[in-house]
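Scroll down for the structure; my scribbles are underneath it.
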Amino acid sequence: ILFAMVVYNFYGATKMATQNKLWAGMAKETAHQIGTPLSSLIGWLEIMKADNVDETTVTEIEKDINRLLTITDRFSKIGSEPVLEKRDIIDETLKTFEYLKSRSSKQVEFIFKAPDHAVPVMLNPELHSWTVENLVKNAIDAMKGKGRLEVTIGEKDKFVRINVSDTGKGIPKSQFTKVFEPGFTTKKRGWGLGLSLTRRIVEEYHKGRIKVLASEVGKGTTMQASYRKV
């Protein structure tokens with residue numbers, strides 16, 4: 001029996017390592033494929049600036065191109081050890097929050113609450129932005145593009161906590177841990193990788209914790225990510 005358990009665990013670990021390697025390879029290839037048309041878009045943007053195209057239009061296009069550059073950078077980091085920097089988690093979270101707010105349905109009420117002082121945390125800015133984006137987009141999807149979304153940042157002892165709350169369909173208590181498993185999804189479209197990747201970013205890369213803090217079917221959900229302050 002002991003031998004069988006050792007073989008089973010070894011097989012499971014080997015399979016997981018292979019899956020991680022495959023995922024990292026796919027992510028890096030995606031970053032490479034996006035890079036070519038993105039370089040072309042940057043060139044066209046410079047031409048638009050030279051031709052004095054409406055400044056507001058150029059600015060908004062530039063924001064989206066910069067966002068694509070961020071996404072490409074994220075994918076290129078998968079499978080590599082991320083570099084953590086001392087950053088204000090409020091400022092880093094707000095940047096992504098404001099971008100998503102400007103690109104989302106006007107039927108979603110966006111609310112952001114945080115202390116009025118900097119809260120330093122060791123972060124990888126690009127990967128933290130990915131975390132915030134995944135949590136906010138999941139909340140919007142749960143509300144089907146209409147409702148109230150609130151991001152609240154609070155401190156307790158040596159930790160800072162980011163709560164993302166929505167007024168969506170909610171999650172049954174039996175699925176509180178399952179939602180973080182690779183492949184788990186309740187959507188008609190999607191691979192069920194968003195929250196799995198988010199947990200990896202928060203817990204493995206940033207040594208934090210993420211969980212479903214509270215949820216009630218038909219009323220909404222609050223997700224919580226916790227980090228140690230520096």
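Values quoted throughout were computed directly from the atomic coordinates according to the rules given, and no laboratory measurement underlies them. All values derive from a computational prediction rather than experimental measurement. We place every Cβ from the backbone using ideal geometry, glycine too, and count neighbours over all the protein chains shown.
Let me confirm something: among Thr96, Thr131, which residue is within 24 Å of Val217 (Cα to Cα) and crowded, with 20+ Cβ neighbours inside 10 Å?
Of Thr96, Thr131, the one residue that is within 24 Å of Val217 (Cα to Cα) and crowded, with 20+ Cβ neighbours inside 10 Å is Thr131.
Quick one: in the stretch 74-89, of everything that is touching an Asp or Glu at 6+ places or on another chain (Cβ under 9 Å) and outside any loop (DSSP other than H, G, I, E, B), which residue is farthest from Ile34 (Cα to Cα)?
Lys77
Within the stretch 142-155, identify whether any single residue is more than 15 Å from Ser215 (Cβ to Cβ), part of a strand (DSSP E or B) and among the acidic types (Asp, Glu), and answer yes or no.
yes
So which of Pro125, Pro172, Pro120, Pro182 is over 26 Å from Asp73 (Cα atoms) and surrounded by fewer than 20 Cβ atoms within 10 Å (Cβ to Cβ)?
From the options Pro125, Pro172, Pro120, Pro182, the qualifying one is Pro172.
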